[in-house]
Structure formats: C-alpha cells, structure tokens
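Engineer: Have a look at this one.
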Amino acid sequence: MTSTSAAWFLRREVEARGGQLGVAESLLWQGAVYGLWLPVCLLVWQMLNRFGAGARTMSVMTLAGLVIVPLQALAATGLDTAFGAGTSSEIFERTIGRAPVAILLYTAICAVGMAAAHRSRAVAARTYAKALEGALALARQAATEADAPAERLMVMIGNRRAPVLLEDVEWFAAAGNYVVVHWADREGLIREPLKSLEARLDERVFARSHRSTVVNLARVRDTQSLSDGSWRLTMTSGAELIASRTYRDAVMARLGRQGAGDS
C-alpha cells in the first residue's frame, strides 16, 4: 500500500513536469525504492544476532545509520532521476529532502528488529526455564532415591577435620589445589583439585555452574534469568550463585533435554 500510494503521488509529480509515467513504471519505481531497504533489514538482523538486543547493538545501529541513511537517500534520489522525477542538478536538494523519510524507515526497521529479538529471547528464556525446572526436579529425585549409603566428606574446619554429608553440600568452589565446601552457611576445605572431586560426583546431582564452581542442583531453591543470558541460582540457604551462559548450556545439554521433555 505504501508503494502504491507513493507511486500515485510521484506520477503526479512527473506529469507536473510535463512527462509521462505509466502505472506499471511507477509501481516498478517505488518497488525499487523500497526494495533498497531489504539489504538493510538483513544487516540489522545480522547486527542483532551478533551483538544481541542490548545497548551495544543500539550504539552499533546508530553508527551504521550515519552511513546507511545518506546512502539510502542518495540511491532513492538516483531512482527518482532515472524515472524522470528530477534532474542531475537537483540531486543534492532531493537527497536532503528524502533524508527524513530514510531516517524514519531506518528507525522503524531497527525498532521492529529489536522488538522481534526481545520476543525471541523471551520465548527462549521461558523454554529454558521449563527445561531447567525439569532438570532440577530430576536432580532432587536422584538425590533422594540414591541407594548407596550416605557419603561423607572429611572437611578441614580450622585446625580440625569434620565429616560433612555430601547431600548437605550446596556448592564447591575451586581455590588452587583446594576445594572450598559450602554447606548450611558454613564452609571448609578439602585438599583436592575441583576437577578431581567433580569426577567422583553424581552428574545427575552436581554440575558446574561456573569455571570454578560446582553446584548441587538438588539444593537450588529458585532461578532467575539475567540480561546477559546467565542465570542467578538461589540456594536453600539463601546464597546466590551465577550460572554463566557457557556452563548453563552445558548443564542443559546433559540434563535439560530430559527435563524439557517432562515439562
């Protein structure tokens, strides 16, 4: 409808200059003018895919617009001239005249792209949340249905060693060649690298949430999605941990498929 309306208006302009322009030619003309924006749409979508739908993308789009808008106005003016709606001496004037329309169209494309990207991210977040809840439920089930005797870890607390039930541990944190054990608002040390300890843990229950953290999924009370794609995990004690996007995806690759299917 926009192209048809613009074609009718510009046919009148050509006729006012004493020229003639058929309906098919006028539609082809305006189709070509608006067709120039198709590569811009693809470029905006590529920027959104590359940088996400945040402030960084807005900055990149703004800088790109400083080049795209003048080029689009100039290209449209060239088509005007080719179809008899202007002369070569009027290129600068007509380019300036087309600039507001180019700004409006570019802004609309960016706004629609941002809205679509936010919606896509929201849908993905909801899907992931369902899968994560399923995975956490499986972890709690695995922790309660374990047939083996309760395993205890000998943890150094100050100058003494004390046994701690593995199921009570909320998370492990790497500290060089040691592991810091966190449970019930307390902490202690194990003299063992985190990677070595992780290899002995039940992967249905324990998973890395960060490069230096292994979390007990059965002890996760609540989850919250963050703007950068990571997740905040609230443990039963109230402690909060961050599951980075890299390890979040790794956890879901191992647990999420089954969790998502059960949701």
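The values are calculated or read from the model by the stated rules, or taken from the named source; none is laboratory data. Treat the numbers as computed from the prediction; the structure is a model and nothing was measured. Please note: Cβ atoms are built from the backbone with ideal geometry, for glycine as well, and neighbour counts cover all protein chains shown. Side chains included, ligands, DNA and RNA excluded: accessible areas come from the protein's heavy atoms. Shrake-Rupley method; radii C 1.70, N 1.55, O 1.52, S 1.80 Å.
Engineer: Check Thr107, Thr127, Thr62 and return the single one that is under 30 Å from Asp202 (Cα atoms) and open to solvent by 60 Å² or more (accessible area, probe 1.4 Å).
Structural biologist: Result: Thr127 is the single residue among Thr107, Thr127, Thr62 that is under 30 Å from Asp202 (Cα atoms) and open to solvent by 60 Å² or more (accessible area, probe 1.4 Å).
Engineer: Which residues, taken from the range 227-247, are loosely packed, with under 13 Cβ neighbours inside 10 Å, assigned to a loop (DSSP other than H, G, I, E, B), under 23 Å from the mean Cα position of the chain (by Cα) and of a type outside the set (S, T, N, Q)?
Structural biologist: Scanning the range 227-247 gives a single hit, Asp228.
Engineer: Give just the number: which of (1) aliphatic (A, V, I, L, M); (2) over 30 Å from Ala55 (Cβ atoms); (3) out of contact with any Lys or Arg (no Cβ under 8 Å at 6 or more places or on another chain) does Ala207 not satisfy?
Structural biologist: So the condition that Ala207 fails would be (3).
Engineer: Within the range 82-125, how many residues turn out to be among the basic types (Lys, Arg) and either closer than 20 Å to Trp29 by Cα or at pLDDT below 75 (or both)?
Structural biologist: Result for the range 82-125: 2.
Engineer: Something else: In the range 190-212, what count of residues is obtained for those that are part of a strand (DSSP E or B) and of a type outside the set (Lys, Arg)?
Structural biologist: Result for the range 190-212: 5.
Engineer: What about Glu187, is it open to solvent by 70 Å² or more (accessible area, probe 1.4 Å), charged (D, E, K, R) and either more than 30 Å from His118 (Cα to Cα) or not in a helix (DSSP H, G or I) (or both)?
Structural biologist: Criteria met by Glu187.
Engineer: Please state which one of Leu165, Leu132, Leu136, Leu217 is open to solvent by less than 80 Å² (accessible area, probe 1.4 Å) and over 31 Å from the mean Cα position of the chain (by Cα).
Structural biologist: Leu165
Engineer: Let me ask another. Given the residues Val155, Val181, which is the only one that is hydrophobic (A, V, I, L, M, F, W, C), modelled with pLDDT of 75 or more and closer than 14 Å to Arg219 by Cβ?
Structural biologist: Val181
Engineer: Mind listing whichever residues of the range 50-59 are touching a helix residue (DSSP H, G or I) at 6+ places or on another chain (Cβ under 9 Å), surrounded by 12 or more Cβ atoms within 10 Å (Cβ to Cβ) and part of a helix (DSSP H, G or I)?
Structural biologist: Correct list: Phe51, Thr57, Met58.
Engineer: Within the range 141-158, is there a residue that is among the polar types (S, T, N, Q), open to solvent by 30 Å² or more (accessible area, probe 1.4 Å) and either in a helix (DSSP H, G or I) or farther than 19 Å from Trp231 by Cα (or both)?
Structural biologist: yes
Engineer: Against the condition open to solvent by 30 Å² or more (accessible area, probe 1.4 Å), small (Gly, Ala, Ser) and within 16 Å of Gly113 (Cβ to Cβ), how does Ala82 come out, does it pass?
Structural biologist: No; evaluated as a whole, the condition is false for this residue.
Engineer: Are there any pairs with C-beta distances below 7 angstrom linking a residue in the range 101-127 that is under 18 Å from Ala75 (Cβ atoms) to a residue that is among the β-branched types (Val, Ile, Thr) and surrounded by 13 or more Cβ atoms within 10 Å (Cβ to Cβ), with the two at least 6 apart or on different chains, and if so which?
Structural biologist: Ala102/Val69; Ile103/Val69; Tyr106/Val40; Tyr106/Ile68; Tyr106/Val69; Ile109/Val40; Ile109/Val44
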